[in-house]
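Student: The structure under discussion is supplied below as structure tokens; questions concerning it will follow.
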Amino acid sequence: NKYRWMNSGKQVHFGMGVEGIEFASGELKVAGFYHRDKDVPALGGATDGRASGVLTSHTLDMRLQKIQLQHQHYLNLWALYAHRPADPGLGYPERDGHGTGFWIDSPGVGSGVNRLGLTYRTGAAIPISTANANPASESRGYDLQHAYEWELPKTYRWGGARRFAFEWIVIARDNNLGMDGARGESVQWYSTGAHPVVYLSDYWSLATELGIDYVDNETLGISGTLTKTAIALQLQRSEERRV
């Protein structure tokens, strides 16, 4: 019940970076990651007879954050480069990709914060999922020479009360796999949900979520709607009290 819409370090094998660099009236953050995608099936043209193996790749994530536009309105810029070396033994060619985007933080209703973003990714810069930052691969139905992805997230966060916090999110994503399917090349995803949290004490909280998703998978020729509810009892340090 927590959507990390731009988490470049999720499930990476190794990474390091720097932050807090003052640059162009904002804060510059740079991080590099080494990825190891395990148990990837071999493709046609594999040369060493393995049924599966490990694909490695590298990404460089750069962000220039907190550029003040006007009072309490801030622009944040993002760019990413990804490189996957060839693995002839598994039948995978060399592939590259890039990502670019921005998000704007501005005051919301009450003491809340609005965030509106837009990202664009190509090729090896497209992650497997929001919970796995390893680059997508041909074994998952992608042609990384032509694949691209657009995503538009909109969030509202409010945490102005001692015992209550709230988050609302709307997401639109067009994931083009670069290969023709039953009705086309894209998987389109639209989602919205509310995420309230009640703090029972300094260490315990109760989190809930109500949401609805719609997916149109042109590659498989199917579409459908999912409604979801979730509830979780959370134990956390008192300084981590946030949505």
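The values are calculated or read from the model by the stated rules, or taken from the named source; none is laboratory data. Remember, predicted model here, so these are calculated numbers, not experimental data. Please note: Cβ atoms are built from the backbone with ideal geometry, for glycine as well, and neighbour counts cover all protein chains shown. Side chains are part of the model used for accessible areas, which takes the heavy atoms of the whole protein and leaves out ligands, DNA and RNA. Shrake-Rupley method; radii C 1.70, N 1.55, O 1.52, S 1.80 Å.
Student: Could you state the orientation-averaged shadow area of the convex hull built on the Cα atoms of the chain, in nm² to one decimal?
Tutor: One quarter of the hull surface, i.e. the mean projection, equals 15.0 nm².
Student: Residues of the chain: accessible area per residue at 1.4 Å, in Å²?
Tutor: Heavy-atom SASA per residue in the chain reads 54 Å².
Student: How large a share of the accessible area of the range 63-143, in percent, is made up of carbon and sulfur atoms when the probe is 1.4 Å and the other protein chains stay in place?
Tutor: 57
Student: Any idea how far the Cα center of the range 151-168 sits from the one of the range 41-83, in Å?
Tutor: Comparing the Cα centres of the range 151-168 and the range 41-83, I get a distance of 27 Å.
Student: Also, quick follow-up: Tell me the carbon and sulfur percent of the accessible area for the range 190-237, rounded to whole percent, probe radius 1.4 Å.
Tutor: 65
Student: Moving to a separate point now. Give the whole-number value, in cubic angstrom per residue, of the convex hull volume spanned by the C-alpha atoms of the range 27-79.
Tutor: 105
Student: Mind checking the dipole of the chain: about its Cα centre, +1 per Lys or Arg Cβ, -1 per Asp or Glu Cβ, Debye to the nearest 20?
Tutor: 840
Student: For the range 14-147, with only Lys/Arg (+1) and Asp/Glu (-1) charged at the beta-carbon, what is the dipole magnitude about the Cα centre, in debye rounded to 20?
Tutor: Value, rounded to 20: 200 debye.
Student: With bins 5 Å wide starting at 0, give me the P(r) of the range 158-202 over every alpha carbon pair, in whole percents.
Tutor: Cα pair-distance distribution for the range 158-202, in percent: 6, 17, 16, 12, 10, 9, 9, 7, 7, 6, 2.
Student: Also, I was wondering about something else. Note down the relative contact order for the chain as a percent, whole number, built from C-alpha pairs under 8 angstrom at least six residues apart.
Tutor: Relative contact order, the chain: 12 percent.
Student: Let me know the Kirkwood hydrodynamic radius for the range 63-142, please, with Cα pairs as the basis and the value in Å to one decimal.
Tutor: Roughly 14.8 Å, rounded to one decimal.
Student: Cα atoms only: what Rg and Dmax, in Å, come out for the range 1-125?
Tutor: Looking at the range 1-125, its Cα Rg and Dmax stand at 18.5, 62 Å.
Student: Relative contact order of the range 44-130: what whole-number percent is it, with Cα pairs under 8 angstrom and at least 6 residues apart?
Tutor: In percent, rounded to a whole number, it is 26.
Student: How many Å³ per residue does the convex hull of the Cα positions in the range 166-243 occupy?
Tutor: 98
Student: Can you count the Lys pairs in the chain with C-alpha separation below 15 Å, eight or more apart or on different chains?
Tutor: 5
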